Amino acid sequence: MVLMYAADRRMVKPGETVVFTAWIINETGRRLTGVQLIPGSLTNEALEVLQFLPLSRRDVQPIGRLGRFETAYRSFSYLVTARDQVHSGELLSSMRVTGRSRFREFHDQQDALIAVRDRG
């Protein structure tokens, strides 16, 4: 199982919304069960704990099972604030995925890093 995690842009400005997307790819050739996407930290460079915007119904549905070579994705949004631009401005978000087949457990983790520039 592979996790790909990225933001929809590399640089944002305060007032803009950045969308993070996590793609879960079952490349094992086996059916996976108990597949969970686990959001890790979302912080700015001042290490403030940030919160994603409220999620849509689709994004809060558990993944559960992934068939052989099946994929799933979930998206998360964050509204960038002026405080995020302090300390040279970067956002860091981490995401983890777990799942299991009959004989093995699978784990993967990825980070997404976005630069925050001032409005000027």
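The values are calculated or read from the model by the stated rules, or taken from the named source; none is laboratory data. The structure displayed is predicted, hence computed values, not measured ones. Note that each Cβ is placed from the backbone with ideal geometry, even for glycine, and that neighbours are counted across all protein chains shown. What goes into the accessible areas is simple: the full protein's heavy atoms, side chains included, and nothing from ligands, DNA or RNA. Shrake-Rupley method; radii C 1.70, N 1.55, O 1.52, S 1.80 Å.
General observations
- Strands (runs of 3 or more DSSP E) completely within the stretch 10-85 that count 1 or more residues being among the hydroxyl-bearing types (Ser, Thr, Tyr) and more than 19 Å from the chain's Cα centre (by Cα): 32-44
- When we screen Thr28, Thr98 for residues that are modelled with pLDDT under 95 and touching an Asp or Glu at 6+ places or on another chain (Cβ under 9 Å), the only hit is Thr98.
- Within the stretch 28-52, residues that are under 19 Å from Tyr73 (Cα atoms) sit with their Cβ atoms under 8 Å from residues that are aromatic (Phe, Trp, Tyr) and open to solvent by less than 20 Å² (accessible area, probe 1.4 Å), at 6+ positions apart or across chains, in these pairs: Thr28/Phe106; Leu32/Phe106; Pro39/Phe76; Leu42/Tyr78; Phe52/Phe20; Phe52/Phe76; Phe52/Tyr78.
- Within the stretch 40-62, the presence of a residue that is within 15 Å of Leu3 (Cβ to Cβ), modelled with pLDDT under 95 and surrounded by 15 or more Cβ atoms within 10 Å (Cβ to Cβ) is excluded.
- Count - residues of the stretch 77-97 that are open to solvent by 20 Å² or more (accessible area, probe 1.4 Å) and closer than 30 Å to Arg65 by Cα: 3
- Test: Leu92 is in a loop (DSSP other than H, G, I, E, B) and within 25 Å of Arg117 (Cβ to Cβ): no
- Qualifying residues in the stretch 1-39 (those that are small (Gly, Ala, Ser) and touching a strand residue (DSSP E or B) at 6+ places or on another chain (Cβ under 7 Å)) - the one least open to solvent (accessible area, probe 1.4 Å): Ala22
- When residues in the stretch 98-120 are screened for being among the basic types (Lys, Arg) and either crowded, with 16+ Cβ neighbours inside 10 Å or in a strand (DSSP E or B) (or both), 1 of them pass.
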